[in-house]
Amino acid sequence: MNYTRRKLLALLAASTAVQSVASQALAESVVAGSGDVALDKLPDWADVKLQLWKYSNPFAPSQWSEPKLGGYDWKAANVKIVDGALQLTVSEKASAEVISGSNSASASAKWEVDVTLPTMKPGLIAAPLWIFNDKAHEEVDFEIVGTRGLQLTVWANVDNQHKAVWVKWILVGDLSGKRYRLGLQYEAGKRVIFSIDGKEAAVVTPADTTGGAFPNKPMQPYFDLWVAAGAIMDPRWAGKWEPMAPSERLVMTVHGYRRTDI
């Protein structure tokens, strides 16, 4: 997750904060485990090897810093595979991210994760699944935002700028420790389908977005747990982050992952 995207998230925070009450009042109610859809088990991470800078591998941990974001740097050491599950950890001054390999982008695919969320705090962002094309300024997100709930976002290239063109709040409130099966189906230029526990949560097409702008390039998946600290982040979006004790750890566990080409 680069600095430009973070800065734009701060701008999005300012614009959506004004609508916070209305957004939460109108949010869809999707209750985990309430459906009758039988979900098969996703492949685990037991055979995945995480190596820093090895972008030719299927997955690689991130390691970089952005002082303007409060110094919560991405550290490869904060990503581990334990008993076949991917663990991403936030500790004091360190966040965690895993990127899929350089040859993994697709313009027509469905990505799924089985995730247990960490204890959520104001300012903590859990993004267990999001897809991105850095060069094209295009992106689609699942993001659990502090203790406010789950935000779905579609980003597109508008006048050569990375802009949110569709946003929806869903599963409002503190989701600490919840386990979900999240799915993102992307068909470039046509539609995005968000699903939760096997049930459609939202379907987005160009007809639904601001000015009809819509991502149309291949995307690759990311898995992220990060801190919205620093001067550029508006606390009205995610809440005000409070520093952690040196021994404190917040852990998000991705039990399984799958990509299915469409």
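Looking at segment 239-251 only, could you name the residues that are buried (at least 18 other Cβ atoms within 10 Å of the Cβ) and in contact with an Asp or Glu (Cβ under 9 Å, 6 or more places away or on another chain)?
Hit for segment 239-251 is 244, nothing else.
Within segment 64-90, which residues are of a type in the set (A, V, I, L, M), assigned to a helix (DSSP H, G or I) and open to solvent by 10 Å² or more (accessible area, probe 1.4 Å)?
Our first condition is that a residue be of a type in the set (A, V, I, L, M); within segment 64-90, this holds for 69, 76-77, 79, 81-82, 85-86, 88, 90.
So of that shortlist, the ones also assigned to a helix (DSSP H, G or I) come out as 69, 76-77.
Answer for segment 64-90, where residues must be of a type in the set (A, V, I, L, M), assigned to a helix (DSSP H, G or I) and open to solvent by 10 Å² or more (accessible area, probe 1.4 Å): 76, 77.
Provide a single number: the residues in segment 194-227 that are open to solvent by 30 Å² or more (accessible area, probe 1.4 Å), in contact (Cβ under 8 Å) with a residue 24 or more places away in the chain and outside any loop (DSSP other than H, G, I, E, B).
Of the residues in that region, 5 qualify.
Assuming residue 136 fulfils every condition listed in (1) of a type in the set (A, V, I, L, M, F, W, C); (2) open to solvent by 10 Å² or more (accessible area, probe 1.4 Å); (3) within 14 Å of residue 224 (Cα to Cα) apart from one, which condition is it?
Every listed condition holds for residue 136 apart from (3).
Of a type in the set (Asp, Glu), over 19 Å from residue 69 (Cβ atoms), at pLDDT 95 or above and in contact with a strand residue (DSSP E or B) (Cβ under 7 Å, 6 or more places away or on another chain): does that describe residue 143?
Values: of a type in the set (Asp, Glu): yes; over 19 Å from residue 69 (Cβ atoms): no; at pLDDT 95 or above: yes; in contact with a strand residue (DSSP E or B) (Cβ under 7 Å, 6 or more places away or on another chain): yes.
Here the answer is no, as residue 143 does not meet what is asked.
Before we move on, is residue 171 out of contact with any Ser or Thr (no Cβ under 7 Å at 6 or more places or on another chain) and either at pLDDT below 95 or assigned to a strand (DSSP E or B) (or both)?
On the way: out of contact with any Ser or Thr (no Cβ under 7 Å at 6 or more places or on another chain): yes; either at pLDDT below 95 or assigned to a strand (DSSP E or B) (or both): yes.
Yes; evaluated as a whole, the condition is true for this residue.
The values are calculated or read from the model by the stated rules, or taken from the named source; none is laboratory data. Because the structure is a prediction, the values reported are computed rather than measured. Here the Cβ is made from the backbone with ideal geometry for all residues, glycine too, and neighbour counts use every protein chain on show. The accessibility values were calculated without ligands, DNA or RNA, using every heavy atom of the protein model including side chains. Shrake-Rupley method; radii C 1.70, N 1.55, O 1.52, S 1.80 Å.
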